[in-house]
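Novice: Please find one structure pasted underneath; my questions will follow.
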Amino acid sequence: MKEFLVAPLSDSSISFLLFTRKDNLAFLKAGLKKWIDFISTFQNKVEIVVLVFGSGVIESQNPELKDIIEKSSSKIPVEAFKLLETSLEYEGDALKFAIEQTNHDVLVVAPCQAKYCQATILKIMMGNISNAHLAGAVRELDNYPFALKAFSLCKGVLGRFFLCLPIENISGPNSILSRFQNWVFWFVFGVRYVDPFFPVRVYRGNFLRDCKLDSKGNFIHVEILAKANFLGLIFYPEQSWPESSKVSIPDRGDNCFFSDFLNLLSNPKFIKSGTADEKLTANNNDLPGSDGAAGKFIVE
């Protein structure tokens, strides 16, 4: 029987997994500086893993990146400062590779860009992980066009008649496609998560390392939520994450979206195991208000 323990955060080792694509290296220096400033406020030493991925990563970039790491690590006493470069093209494949490189209790996963380092919100999320297995955030745009406000209002009114439908207001990128993807995610996997593609989250490390993640692209953020939900793990309500409508927000989904989606439906393996009848339970006994319910799905 596999159990996921939830230890107090004060007793946990913490790793920051900061990832960026090769074509976003221009943002790496400024982003890493802001993350370093945030991490320097911690009393305990933490691990920092910087992951650079994307086709065409070349050796000539190593000296420049290593110089950034060395200058940054000299500012604060960290437990370890790792630079990982890989030619893996997609976000999901790269994150799976990085997750295997750390054995820490708590993983803070986020893009290594300045706008994704909101110190106040991150500290709240890291506090929330003491009572949960994962904590996330939801993007909220500053301004919505009138048509979208009217659409949200109509959805809320119709929800009074169709209570079985997920009717929460959906924040995030201003597009019907992104909302459609959220609804499909809710209906198919039963996870009432407002912004499933948002890449800034805090996880219990043992779950991510033991979970059988298959997605190649950024659908991996959705896959983690779906499998955690099926396994009976505890989610903490998302924190609001302000986004300016003037700032470009990455599209939800990539060209692996549909293949990853279909693969999760057709081959729903939940943990790494060689035992066909092994079941996975979430040890929630230490969490407030928990009944210690076990997962309902059998691992293949």
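The values are calculated or read from the model by the stated rules, or taken from the named source; none is laboratory data. None of the values given here were measured: they were computed from a predicted structure. Every residue, glycine among them, receives a Cβ derived from its backbone with ideal geometry; neighbour counts consider all protein chains shown.
Novice: Between a residue in the range 201-212 that is farther than 18 Å from Phe97 by Cβ and any residue that is part of a helix (DSSP H, G or I), which pairs come within a Cβ distance under 6 Å, given they are 6 or more apart or on different chains?
Specialist: From residues that are farther than 18 Å from Phe97 by Cβ, the pairs are Val202/Met125; Val202/Met126; Val202/Ile129.
Novice: Report yes if Arg160 is modelled with pLDDT under 90, basic (Lys, Arg) and loosely packed, with under 14 Cβ neighbours inside 10 Å, otherwise no.
Specialist: yes
Novice: Can I ask one more? Across the range 35-66, what is the number of residues that are surrounded by 15 or more Cβ atoms within 10 Å (Cβ to Cβ) and at pLDDT below 70?
Specialist: Looking only at that region, the number is 2.
Novice: What number of residues in the range 181-206 are of a type outside the set (Phe, Trp, Tyr) and part of a loop (DSSP other than H, G, I, E, B)?
Specialist: 8
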